[in-house]
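Coordinate-derived values only; no laboratory data. Computed from a predicted structure; not experimentally measured. All Cβ positions, glycine included, derive from the backbone under ideal geometry; neighbour counts span all protein chains shown.
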Amino acid sequence: MGVRFSKSIKIGKYFRINISKSGISATVGKKGASVNIGGNGVYVNASPSAVGISGTGLSYRQKITGGYKDLLGKFFKSDKDDETDTAAENTAVTAGADLSEIEEFEKNMMANTYPYHFIDNVMDKKTFDGKISDAKSEAARMVYQLSIDGDEDTIESMVGSFLSSVHLDYDVKASYELDGHDLYVDLDLPEIEDFSMEYPAESKGKVVMKKKTQTAMKQQYAQTVCGLGVYLAACFFNTSSYIDKIILSGFTTRRNSKGELQDDYIYSVKYTRDIFEKTDLKSVEDAYEFMLKFENRVNYVSNTLKAIEPYDMILEDTPSVPSVEAEGVNPMIIDAINGLVELGYNAADVEDLIPELGKLNLSSSGEYLKAALKMMA
C-alpha cells in the first residue's frame, strides 16, 4: 500500500549518552528536540519554532517522574515455558551491583513507549486561541492567526515544522494532508525486528542481558506504535485549534503467508479533539485501550496487530468562484477568495469582497485572506 499523501517527513534515528560531573544520562533526539533521561528525571525538550508559543506542541520542556517501573513490568513477564529464574535471581539487588544500565534502559524504554506522557495535554480551543498574545512578533501573530482561521498552507507548514523537530531512536516516516477540519496522517512504522530482543536485568548481584519472550516483544511493539500514534495526534491538535479530527493510520512492512514482504496497515483511528481535551495524557497507561474510545479499525489478537483496511481520505469538491481568473484580478486576491470558499463561505458572498480587497495594497495571499476574514466577520 505505502504512503497515500504527498507531504512526507522522516523522523530520524538519534540516541546519545551524555557524561558529566552529575553522572550519566541518555538523550533521545538532537539539538532542538529531545528526550533526556538521567538521575534527575526524564525531560522532553523542544526549541521554540518561529511562532514560539509554549504549550502548543511547538515549544516545551517538561519533567516526568515515577511510574515507569509498573508500566514496564508487563513487558518482562516470562512465558510459562521460559520461567527459569531462580528465587535468588529475583531477590533485591546486592550492595555491590551497579544498576545504572538497567535504570537507563527502563527510562529510555519509557520515553519511547509512552511519549504522550511527556507532553502537555491538548488545549481547548478557547485556551489555544488566547495564546496568540504570547507570540514573539507581529509576523508570528499573523501566522498563528492564520492557523486559527484555517489557512491550509499555514497549518500544514506548522505540522511539518513540528514533525521535523521530532526525533526517535527508531525510524518513522509521517505523511499528512489537511482536508477542511480533518488532518489525515499516514505513519510508516518501524518493524518489530527493529527493536532489541534483549534487556538488562539483575541476577545474583550482577547485571546480565536476558532475552525477551515473543509475547513480551509483541506487547512492547504494539504499545510503542500505538503510543506513537497517540503522542502525534495530541501534538497535531496542539499545532492548530482549527483541527477537529485526525484520521491517523499506521502501516508496517512484514511477510505474508508466502514469505513475501508487504505493507500492512495495522491501525486506523479517527481521533477527535473533544475527547483529547478531556483527557489527562499522563493517566493513559494503555495506548491501545485509549484508541478504542474513538472510531477505529484495529484488530489486536493474541498480542498481535493484524492487518486492516485504513480509512480513506474523502476530499470534498471545492466550489469555484465564477469568472474570477478571467477578470484579471490580482492572483493573491484570487487565492484569498478561494481560501474563504475552502473554509466554507458562500462563493457568491465572498466574490463581493473583490472590489474592497482590490483597494488594498498588501504583499501576500495570507494578508489578503486575513483582511477578507475581517470583512466577513
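For the pair A347 and K125, label points projected 7 Å from Cα toward Cβ lie 2.6 nm apart.
Here the extension length gained between K374 and N299 equals 22.3 nm, from 0.36 nm per residue of separation less the Cα-Cα distance.
Give the shape of segment 166-282 as rounded, prolate or oblate, defined through the alpha-carbon gyration tensor: a ≥ b ≥ c are the square roots of its eigenvalues, a/c under 1.5 means rounded, and otherwise the shape is prolate if a/b is larger than b/c and oblate if not.
Judged from the Cα gyration tensor, segment 166-282 comes out oblate (a/c at least 1.5, b/c at or above a/b).
In a fully extended conformation the segment linking E277 and K136 would gain 48.2 nm over its present Cα-Cα distance, using 0.36 nm per residue. Counted residue by residue at 0.36 nm each, then reduced by the alpha carbon distance between them, the extension gain from D244 to V207 reaches 8.5 nm.
The tail of the calculated P(r) for segment 91-229 beyond 23 Å holds 54 percent of all Cα-Cα pairs.
Model label points for L99 and S363, set 7 angstrom from Cα along the Cα-to-Cβ axis, are 6.1 nm apart. Among the listed pairs K126/K270; K7/K282; K7/K245; K107/K211, those whose Cα-Cα separation exceeds 26 Å are K7/K282. Computed over segment 251-320, the range of Cα coordinates on each principal axis works out to 46, 43, 14 Å, biggest value leading.
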